[in-house]
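A short reminder: the numbers here are calculations on the coordinates, not readings from a lab. These numbers were taken from a predicted model, which means no experiment stands behind them. We place every Cβ from the backbone using ideal geometry, glycine too, and count neighbours over all the protein chains shown.
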Amino acid sequence: QEVHAAEFERTFIAVKPDGVQRGLSHRNCGVMRCGNHSTTILQPPMRDAISEIISRFERKGYKLVGIKVVVPTKEFAGKHYHALKDKPFFNGLSEFLSSGPVVAMVWEGEGVITYGRKLIGATDPQKSEPGTIRGDLAVVVGRNIIHGSDGPETAKDEINLWFKPEELVSFTSNAEKWIY
Ligand code: RTP
């Protein structure tokens with residue numbers, strides 16, 4: 001089946017500050033001593049939130065077409081979550097999203113918006129199935145480590161909000177004819 005990259009849909013995925021910090025935090029680091037040197041080593045469960053998320057999308061067959069690390073302002077975070085502006089947790093949520101680095105990504109592929117949400121799992125990690133990103137890696141709703149667009153319109157809006165067109169690439173990977 002011949003499919004053109006241009007036909008594929010795109011979604012906005014973000015590793016939120018909790019997911020990023022889970023990976024970079026020195027809270028649980030170990031120290032290895034070697035002669036006069038002491039080296040900090042991140043313990044395996046703490047170093048892999050970003051790579052784990054990327055690899056789950058990659059393994060499925062989706063394609064990364066944009067990625068950057070940003071610390072959004074609270075105002076920007078508020079724009080991102082504008083649909084939730086009447087919720088009691090809106091202020092805290094915007095503050096939280098702007099509290100540290102976020103890994104912003106655009107993923108491309110057939111069904112990536114809906115299936116991406118499946119990979120992510122239910123909003124509340126207590127309700128996400130094991131095997132999903134939140135089910136496997138998160139515990140509470142306020143720290144559910146990842147965001148994914150919930151439909152074609154939000155995907156378009158969120159991609160436009162976070163990325164300039166020139167920050168996204170369009171390419172056909174060699175693997176594609178074995179995926180589609
Ligand atoms: P996201 O937009 O982050 O992918 O999450 P979602 O669609 O699964 O959930 P949504 O209802 O859009 O909520 C956005 C984020 O708000 C936080 N939240 N906190 N009761 C609460 O304290 C509460 N409910 C939602 C979560 O971080 C959720 O991902």
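Of the trypsin sites (Lys or Arg not before Pro) found in segment 59-105, those that fall in a DSSP loop while having at most 12 other beta-carbon atoms within 10 Å are Lys85. Considering only alpha-carbon pairs that sit under 8 angstrom and 6 or more positions apart, the relative contact order computed for segment 100-180 is 23 percent. As a proxy for reagent exposure, ranking Ser128, Ser170, Ser94 by other Cβ atoms within 10 Å from fewest up yields Ser170, Ser128, Ser94. The fewest-to-most ranking of Ile13, Ile53 by surrounding Cβ atoms within 10 Å reads Ile53, Ile13. Residues Asp86, Asp18, Asp136, Asp157 in ascending order of nearby Cβ atoms (within 10 Å, fewest first): Asp86, Asp136, Asp157, Asp18.
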